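Student: Handing you a structure now.
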Amino acid sequence: MTHSEISHHRLVSQKLYKTDKCSPQEIVHHFGAMQAQDYAMAKWAIGSRCDASEKEIEEAVNSAQIIRTHILRPTWHFVAHEDIYWMLDLAGPQVKRMTISGAKKFGFDDKKLNQTNNAIEKLLSGNNHLTRDEIMQELGIKKTSKEDFLSAAIMMHAEQDGLVCNGRMKGKKITYALLEERVQKPKTILTKEEGFAKLAKRYFESHGPATLLDFSWWSGFPPTICQKTIDAIKLQLEFIEIKNQIYYFVNQNIEKVNFKQSIHFLPAFDEILISYKTREASFLSEHQNRVFTNNGIFKPIILENGKVIGIWKRTIKKDHAKIETEFFNETEESKKQILFEGIKAFENYLETKIVIE
């Protein structure tokens, strides 16, 4: 197998071939966690893998079928409601170390953070959904650039304690709500070993073929822990070796996969790129600076047969969405027309007319 073939297999594991009909929450459950700091683009990451509209995905988030919270590295992620508690049990402690460190710079120690959690619980109790600014105002924390870092640390700490998660959208603003009022706690609790095994299998099933370092990068856990976890579930994994690098995957039946021509217009920070430590399977190194910036800002990409061939951006207008494209290599107009067929899925998702410039 070559790097080129790996990119094809990832299209399968990442549900970009749409071989099965899936709901938005089933897509998120398949991935375990999907990066979601750019909320508008993150919804399209789900929509590009199923036939749901943006409104349907928004409803899944508002109704808590899909939870948006900080988890893993940490950054915003989408997590299926049935996975939120065991993933917080597993990843929460490592993220909390960062939030506690950040809060201490503003004089908030463990005791003060716990007191703040109690105050937040009272504010949100009874399905009261408030924005971060509204919560900080009630807590008496001023809105300045300096305090903004403190408010982020406070809310992230509350998320890791399993106290809060996203609430219903308030216009275009994110709100917070009490997690236990959104999602019922499970009756059984996984051991740490069971949690790691579940996370690893979910990752290689949804992202494979992928390496140990890919899994470590995505999960935020050190390679030593990740290697131990892989060793524990090795009988449930398949693997191949390319240039002394081992790639793991689950249930791909690699020899029988029938690859087909495919075009995808994918969002910024999509799992097809962000979830791997190295990305040589997806684009040439000479194009790296056009795909993502030095400070880690990933751009929306145009994918042809698993390879990034350009970038795009959208602008939402009153009665249509404008799409602008930039291809890495000179592309004939006839070829562009074929490529632009891939944008029809985005048109269906937005439920509005697309104009390409």
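The values are calculated or read from the model by the stated rules, or taken from the named source; none is laboratory data. As the structure is a computational prediction, the values presented were derived from the model and not from experiment. Here the Cβ positions follow ideal geometry from the backbone for every residue, glycine too, while neighbour counts run over all protein chains shown. Surface accessibility is based on the protein's heavy atoms, side chains included, excluding ligands, DNA and RNA. Shrake-Rupley method; radii C 1.70, N 1.55, O 1.52, S 1.80 Å.
Student: In this model, which of K15/K43; K260/K344; K143/K313; K277/K299; K96/K198 are farther than 24 Å apart at the alpha-carbon?
Tutor: In this structure, K143/K313 lie more than 24 Å apart at Cα.
Student: Then there's this: What FRET efficiency, computed as 1/(1 + (r/R0)^6) with R0 = 30 Å and r the Cβ-Cβ distance, is obtained for K234 and Q288, rounded to the nearest 0.05?
Tutor: 0.35
Student: Shape of segment 172-272 from its Cα gyration tensor (a ≥ b ≥ c, root eigenvalues): rounded if a/c is under 1.5, otherwise prolate when a/b > b/c, or oblate?
Tutor: Oblate, because a/c is 1.5 or more while a/b does not exceed b/c.
Student: With the Cα gyration tensor of segment 65-176 giving a ≥ b ≥ c as the square roots of its eigenvalues, does the rule (a/c under 1.5 for rounded; else a/b larger than b/c for prolate; else oblate) give rounded, prolate or oblate?
Tutor: oblate
Student: Among P24, P209, P93, which one moves the most in a GNM of the chain with springs linking Cα atoms closer than 10 Å?
Tutor: P93
Student: Now a separate question. Compute the longest continuous run of the chain that contains no exposed trypsin sites (Lys or Arg not before Pro); treat a site as exposed when its DSSP state is not H, G, I, E or B and it has at most 10 other Cβ atoms within 10 Å.
Tutor: Longest run free of exposed loop sites: 22-171.
Student: Below 11 angstrom from the Cβ of S7, what's the summed charge of the other residues (Lys, Arg +1; Asp, Glu -1)?
Tutor: 0
Student: Next question, about the same structure. With a cap of 13 neighbouring Cβ atoms within 10 Å, and only residues DSSP puts in a loop, list the chymotrypsin sites (Phe, Trp or Tyr not before Pro) found in segment 26-67.
Tutor: Here no chymotrypsin sites (Phe, Trp or Tyr not before Pro) fit, given the DSSP loop and packing criteria.
Student: Still on this structure, I have one more. Rounded to the nearest percent, how much of the accessible area of the chain (1.4 Å probe, protein heavy atoms only) is carbon and sulfur?
Tutor: Heavy-atom surface of the chain belonging to carbon and sulfur, 1.4 Å probe: 48 percent.
Student: Express the relative contact order of the chain as a whole percentage, based on alpha carbon pairs under 8 Å and six or more residues apart in sequence.
Tutor: Taking the mean separation of contacting Cα pairs over the length of the chain, I get 19 percent.
Student: Please compute the modelled spin-label separation between Q245 and I356, points set 7 Å along Cα→Cβ, answer in nm with one decimal.
Tutor: So the two model labels end up 3.2 nm from each other.
Student: Quick one: accessible area per residue over the chain, 1.4 Å probe, rounded to a whole number of Å²?
Tutor: 49 Å²
Student: For segment 10-15, just list the computed ³J(HN,Hα) in residue order, Karplus coefficients 6.51, -1.76 and 1.60, θ = phi - 60°, integers in Hz, with x standing in for Gly and Pro.
Tutor: Here the 3J(HN,Hα) series is 5, 4, 5, 5, 8, 6 Hz.
Student: Which of rounded, prolate or oblate describes segment 280-320 when judged by the alpha-carbon gyration tensor and an a/c cut-off of 1.5?
Tutor: Since a/c reaches 1.5 but b/c is at least a/b, the shape of segment 280-320 is classed as oblate.
Student: Treat each spin label as a single point 7 Å out from the Cα along the C-beta direction, and report the D109 to F149 distance in nm.
Tutor: 2.1 nm
Student: Counting other Cβ atoms within 10 Å, keep those with at most 16, restrict to DSSP loop, and tell me which GluC sites (Glu not before Pro) in segment 234-343 are left.
Tutor: When the GluC sites (Glu not before Pro) of segment 234-343 are filtered for loop state and at most 16 Cβ neighbours within 10 Å, E280, E330, E332 remain.
Student: Another question, if that's okay. Which entry in [x] 26; [y] 23; [z] 15 is this structure's computed percent of Cα pairs over 40 Å apart?
Tutor: [z]
Student: With springs only between Cα atoms under 10 Å apart, run a GNM on the chain and tell me which of D148, D231, D319 wobbles the most.
Tutor: Ranking D148, D231, D319 by mean-square fluctuation puts D319 first.
Student: If I fit a long axis through the Cα atoms of helix 84-104 and take the longest principal axis of the Cα atoms of the chain, what angle between them do I get, 0 to 90°, rounded to 10?
Tutor: It is inclined by approximately 70 degrees.
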